[in-house]
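Chemist: Sending over a structure as structure tokens; questions will come in a sec.
The values are calculated or read from the model by the stated rules, or taken from the named source; none is laboratory data. In this text, all values refer to a predicted model and were calculated from it rather than measured experimentally. Please note: Cβ atoms are built from the backbone with ideal geometry, for glycine as well, and neighbour counts cover all protein chains shown.
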Amino acid sequence: MSTAKTRPLAREPHLIRRNSLHDTVADRLRDMIVDGTLPARERIHEQSLCEAFGISRTPLREALKVLANEGLVELRANRGSRVAALSTEEMADLFEALWGVERHAAELAAARATTEQLKALRALQGRMEREWQRKRRTAYAKLNNEIHRTIVEFAQNATLCGVHTSIMTKLRRARYMALMSDDRWDEAVDEHRAILRALEARDTPEAGRLMAEHVRRTGEVVCGQLDA
């Protein structure tokens, strides 16, 4: 008779909950940098922010590391941190890269997106236009980012999505700057309408051309503002 002990059943592993406080702080700081509440080259006063957010310095410093990786913050040894400046040359390079990625993604999306996905995209467009009519820039910018990300996802190419996320993270503040011009803002809404029509028509070359022109024009406006 076997004397081997029966092995106990493996327990269901417990999910380890990630402490997201520093992510929440990073989101708040990112919004403040993007909308200009914390302007370029502004020194980041850690004590003031800790008091305003009701947190300790540990999650704030972890958040600053996240933003430094995104190019939004400069961490300076023994001199504290500050909001990073925007470089015209770097912005031109990034918009040029985005131009290529989004053009190809729009072409693929025109061919691969389902009817239901395009309906969802039209609903997003409607929400974005309502924020434009109300002149609510921050809400508009977030929906605008979501639309661009969604079109890239419709391309069904994981590599394109990864590259796009990396570029958009670095360009979020610059793209918000373009909305400071009411003329450009109005123009961009018209461009989004045309892009959506091309996607719905399954017009692959037109969708790509319109998207590329949209991104190129935004880059021109941003670089012009930085030069000025």
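Residues are listed down the side, and each one gets a yes or a no for (1) assigned to a helix (DSSP H, G or I); (2) more than 18 Å from the chain's Cα centre (by Cα); (3) basic (Lys, Arg); (4) buried (at least 18 other Cβ atoms within 10 Å of the Cβ):
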position	(1), (2), (3), (4)
Arg173	yes, no, yes, yes
Met177	yes, no, no, yes
Arg197	yes, yes, yes, no
Gly208	yes, yes, no, yes
Met211	yes, no, no, yes
Arg216	yes, no, yes, no
Val222	yes, no, no, yes
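Chemist: Given the options Glu146, Glu116, Glu107, Glu187, name the one that is acidic (Asp, Glu) and surrounded by 17 or more Cβ atoms within 10 Å (Cβ to Cβ). Please lay out each step first, then the result.
Modeler: Details: Glu146 fails: surrounded by 17 or more Cβ atoms within 10 Å (Cβ to Cβ); Glu116 fails: surrounded by 17 or more Cβ atoms within 10 Å (Cβ to Cβ); Glu187 fails: surrounded by 17 or more Cβ atoms within 10 Å (Cβ to Cβ).
Going through Glu146, Glu116, Glu107, Glu187 in turn, just one is acidic (Asp, Glu) and surrounded by 17 or more Cβ atoms within 10 Å (Cβ to Cβ): Glu107.
Chemist: Take the residues in region 127-143 that are touching a residue at least 60 places away in the same chain (Cβ under 8 Å) and hydrophobic (A, V, I, L, M, F, W, C), then tell me which one is surrounded by the fewest Cβ atoms within 10 Å (Cβ to Cβ).
Modeler: So the residue we want is Ala141.
Chemist: Identify all residues within region 179-188 that are over 18 Å from the mean Cα position of the chain (by Cα) and not charged (D, E, K, R); write none if there are none. Write out each step before concluding.
Modeler: Taking region 179-188 as the starting set, the residues that turn out to be over 18 Å from the mean Cα position of the chain (by Cα) are 181-184, 186-187.
Result: Ser181, single match.
Chemist: Can you name every residue in region 69-94 that is within 18 Å of the chain's Cα centre (by Cα) and either at pLDDT 90 or above or among the acidic types (Asp, Glu) (or both)?
Modeler: Of everything in region 69-94, those that are within 18 Å of the chain's Cα centre (by Cα) and either at pLDDT 90 or above or among the acidic types (Asp, Glu) (or both) turn out to be Glu70, Val73, Val83, Glu90, Met91, Ala92, Asp93, Leu94.
Chemist: Give the residues of region 196-221 that are in contact with a Lys or Arg (Cβ under 7 Å, 6 or more places away or on another chain) and farther than 21 Å from Arg122 by Cβ, sorted by residue number. Before you say what the answer is, go through the steps one by one.
Modeler: Initially, region 196-221 is screened for residues in contact with a Lys or Arg (Cβ under 7 Å, 6 or more places away or on another chain), giving 196, 208, 211-212, 218, 221.
Scanning region 196-221 gives Ala212, Thr218, Val221.
Chemist: Do we have any residue at all in region 58-70 that's crowded, with 19+ Cβ neighbours inside 10 Å, touching a His at 6+ places or on another chain (Cβ under 6 Å), in contact (Cβ under 8 Å) with a residue 24 or more places away in the chain and over 24 Å from Arg209 (Cβ atoms)? It would help to see each step written out before you state the result.
Modeler: Here is the first cut: in region 58-70, the residues crowded, with 19+ Cβ neighbours inside 10 Å are 59-60, 63-64, 67.
From what is left, the residues that are touching a His at 6+ places or on another chain (Cβ under 6 Å) are 59, 63.
Retained after the next criterion (residues that are in contact (Cβ under 8 Å) with a residue 24 or more places away in the chain): 59, 63.
Remaining after also requiring over 24 Å from Arg209 (Cβ atoms): 59, 63.
Looking through region 58-70, at least one residue is crowded, with 19+ Cβ neighbours inside 10 Å, touching a His at 6+ places or on another chain (Cβ under 6 Å), in contact (Cβ under 8 Å) with a residue 24 or more places away in the chain and over 24 Å from Arg209 (Cβ atoms).
Chemist: Any chance you could count how many residues in region 152-166 are buried (at least 20 other Cβ atoms within 10 Å of the Cβ) and aliphatic (A, V, I, L, M)? Before you say what the answer is, go through the steps one by one.
Modeler: The initial filter retains those residues of region 152-166 that are buried (at least 20 other Cβ atoms within 10 Å of the Cβ), namely 152, 154-155, 164.
When the remaining residues are screened for being aliphatic (A, V, I, L, M), the result is 152, 155.
The total comes to 2.
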